[in-house]
Amino acid sequence: MPYVVGKECLSCKSTVCVDVCPVDAFRDADYQLVICPDTCIECGVCEPECPVDAIINPEEYTGESRDVITLNSELSKTSPVIFKSVTAQ
Amino acid sequence: MKVEGLNLLEWFVAMERNPDEWNFVNEDFDIRRNVNQSARLLAHEAYVNNNQAALAKLHECLAIIYRNEFECTRVEQVNADRRPIVSDIQSVLEGAMLQYEMQGLPEADISGFPVNGKEYVKWLKKLVSKSPSSVHPFYTRFLSEEATAADVKYYLIQETNLDPKFDDILAFMQIGLPVGQKLELAKNYFDEMGNGVEADVHSKMFAQTLKAAGVEDSDMSSAMLLQSIVSGNVSSCFALSRRHYFKAVGYFGVTEYLAPRRFKHVIKAWERNNMPAHGIEYHKLHVYIDTEHANGWFNNVVVPLVEQDPRIGREIALGALIRINSSARYLDELSDRLGSNATTTA
């Protein structure tokens with residue numbers, strides 16, 4: 001199961017998580033980042049990077065996570081890959 | 001305090017050329033006292049007086065000591081017992097090295113951790129995240145976007161201080177462990193052994209990667225950076241001494257954890273320079289496999305250790321921080337040498 005980005009990202013979108021992803025799995029949606037479930041290798045290195053703890057470990061999915069999983073899956077199909085954080089660009 | 005009398009490095013090199021001499025010298029307590037004193041003077045000059053030439057000599061001595069421990073037995077040396085003197089020197093030089101590595105570490109970073117295993121792992125990952133070597137511009141900017149094939153070759157030469165002996169490090173670390181931890185390290189080790197397929201043995205693949213990048217044996221010693229040698233020596237120190245096992249868990253766990261994010265940029269450098277596919281395959285493999293290793297290491301080694309005794313959490317954090325800091329110094333020196341200005345800690 002892939003990691004997903006939750007709604008906390010909406011208030012922040014710092015993008016620092018992008019710099020540690022070894023497979024470029026983040027997608028730059030309009031108002032938040034999402035993780036492409038087909039690209040994510042479940043390494044989890046992005047989770048501790050997030051300043052607002054928006055990244056959800058699949059081991060900690062709850063009933064509410066279903067919407068977040070769907071959102072990540074859908075938005076990742078139409079959003080561009082983001083290779084670098086805003087600060088690294 | 002000056003380095004006087006016996007030049008430890010020259011003496012060591014001479015002794016290595018005449019292994020039978022060790023047995024005579026073991027019996028000569030005047031020489032042993034002199035050698036011990038020279039080691040102490042060298043350590044003082046290197047780490048108290050900040051003499052870089054002395055620091056280089058100290059680490060060359062340690063590198064010789066560790067090389068003997070990591071190499072296959074040579075029949076001409078089976079009667080040479082180095083231990084009485086070498087243990088003395090090793091203890092003095094290692095002591096100085098570790099004292100330096102541990103001095104000034106913030107107490108909050110080595111003691112303010114949760115004692116629940118899973119929470120500890122989260123805490124440890126956050127500790128890594130806030131360090132300068134977590135996302136170092138040597139990888140994210142220089143290797144990713146600027147490095148030439150010659151730069152990649154130079155970088156790989158430095159990596160020989162750890163990469164090709166990681167299988168042996170894992171072998172040393174497994175000794176005497178409880179089954180759960182031993183199983184995790186053994187899985188990791190078997191991956192290093194190519195899961196039983198000789199062509200897939202990682203040290204062999206790394207040697208082929210070096211060859212693909214144009215690295216010759218003669219390139220090794222002349223091009224080695226001091227901080228690369230230091231990193232190799234700290235790795236050897238932690239792998240070879242059972243009392244440092246807990247630090248080794250933190251040190252090598254972080255090494256596995258950081259590798260995938262770094263290798264992504266190494267792959268980009270190989271691709272951008274149209275270098276042979278073998279090097280790309282080797283690093284791609286490690287993006288995936290080191291991810292599994294890091295997670296297995298954290299879940300099946302770190303978690304039970306911290307829950308066994310919270311004091312071990314401090315040792316693991318020490319090892320992790322030593323890895324983070326020595327890695328940052330190494331990458332800064334590498335950036336300086338290659339003219340990339342991609343430094344973070346200077």
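Annotations for the structure displayed:
- Of all residues in region B:128-135, at least one satisfies being in a helix (DSSP H, G or I) and in contact (Cβ under 8 Å) with a residue 24 or more places away in the chain.
- Failed item, numbered, when B:K118 is tested on (1) without any contact (Cβ under 8 Å) to a residue 24 or more places away in the chain; (2) surrounded by fewer than 18 Cβ atoms within 10 Å (Cβ to Cβ); (3) closer than 18 Å to B:W297 by Cα: (1)
- A search for C-beta distances below 8 Å between a residue of region B:64-81 that is within 15 Å of B:D20 (Cα to Cα) and any residue that is loosely packed, with under 13 Cβ neighbours inside 10 Å, counting only pairs 6+ apart in sequence or on different chains, returns B:N79/B:D20; B:A80/B:D20.
- Considering the conditions (1) at pLDDT 95 or above; (2) in a loop (DSSP other than H, G, I, E, B), A:R27 is excluded by exactly one of them, (2).
- Comparison of B:R243, B:R329, B:R314, B:R262 shows that the only residue that is away from chain A (no Cβ under 14 Å) and within 19 Å of B:K125 (Cβ to Cβ) is B:R314.
Okay, residues lined up against (1) at pLDDT below 95; (2) closer than 20 Å to B:I289 by Cα; (3) surrounded by fewer than 14 Cβ atoms within 10 Å (Cβ to Cβ):
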site: A:V4; (1), (2), (3): no, no, no
site: A:K13; (1), (2), (3): yes, no, no
site: A:I35; (1), (2), (3): no, no, no
site: A:V68; (1), (2), (3): yes, no, no
site: A:T78; (1), (2), (3): no, no, yes
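- Flag for B:S203 being of a type outside the set (F, W, Y), within 14 Å of chain A (Cβ to nearest Cβ) and either more than 29 Å from B:S221 (Cβ to Cβ) or within 20 Å of the chain's Cα centre (by Cα) (or both): no
- Residue among A:V20, A:V45, A:V52, A:V81 that alone is within 14 Å of chain B (Cβ to nearest Cβ) and farther than 22 Å from B:K125 by Cβ: A:V81
- Screening B:A150 against (1) surrounded by fewer than 21 Cβ atoms within 10 Å (Cβ to Cβ); (2) in contact with a Leu (Cβ under 6 Å, 6 or more places away or on another chain); (3) farther than 30 Å from B:P304 by Cα leaves a single unmet condition, (2).
- Qualifying residue in region B:260-280 (condition: of a type in the set (F, W, Y), surrounded by fewer than 18 Cβ atoms within 10 Å (Cβ to Cβ) and within 22 Å of the chain's Cα centre (by Cα)): no
- Inspection of region B:282-299 finds no residue satisfying the criterion of being out of contact with any helix residue (DSSP H, G or I) (no Cβ under 7 Å at 6 or more places or on another chain), at pLDDT 95 or above and more than 14 Å from chain A (Cβ to nearest Cβ).
- Failed criterion for B:I175 (all others in (1) closer than 24 Å to B:H278 by Cα; (2) among the aliphatic types (A, V, I, L, M); (3) in a loop (DSSP other than H, G, I, E, B) hold): (1)
- Scanning region B:213-253 for residues that are among the aliphatic types (A, V, I, L, M) and surrounded by 23 or more Cβ atoms within 10 Å (Cβ to Cβ) yields B:V230, B:V234, B:A239, B:A248, B:V249.
- Among the residues of region A:37-66, those identified as surrounded by 17 or more Cβ atoms within 10 Å (Cβ to Cβ) and among the hydrophobic types (A, V, I, L, M, F, W, C) are A:C40, A:I41, A:C43, A:V45, A:C46, A:C50, A:A54, A:I55, A:I56.
The rows are residues; the columns are (1) out of contact with any Leu (no Cβ under 7 Å at 6 or more places or on another chain); (2) in the same structural domain as B:R82 (by TED's automatic domain parsing); (3) closer than 23 Å to B:S236 by Cβ; (4) crowded, with 20+ Cβ neighbours inside 10 Å.
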{"residue": "B:M15", "(1), (2), (3), (4)": "yes, yes, yes, no"}
{"residue": "B:F24", "(1), (2), (3), (4)": "yes, yes, no, no"}
{"residue": "B:D28", "(1), (2), (3), (4)": "yes, yes, no, no"}
{"residue": "B:V35", "(1), (2), (3), (4)": "no, yes, yes, yes"}
{"residue": "B:A54", "(1), (2), (3), (4)": "no, yes, yes, yes"}
{"residue": "B:L58", "(1), (2), (3), (4)": "no, yes, yes, yes"}
{"residue": "B:A63", "(1), (2), (3), (4)": "yes, yes, yes, no"}
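The values are calculated or read from the model by the stated rules, or taken from the named source; none is laboratory data. None of the values given here were measured: they were computed from a predicted structure. Glycine also receives a Cβ, built like all others from the backbone with ideal geometry; neighbour counts cover every protein chain displayed.
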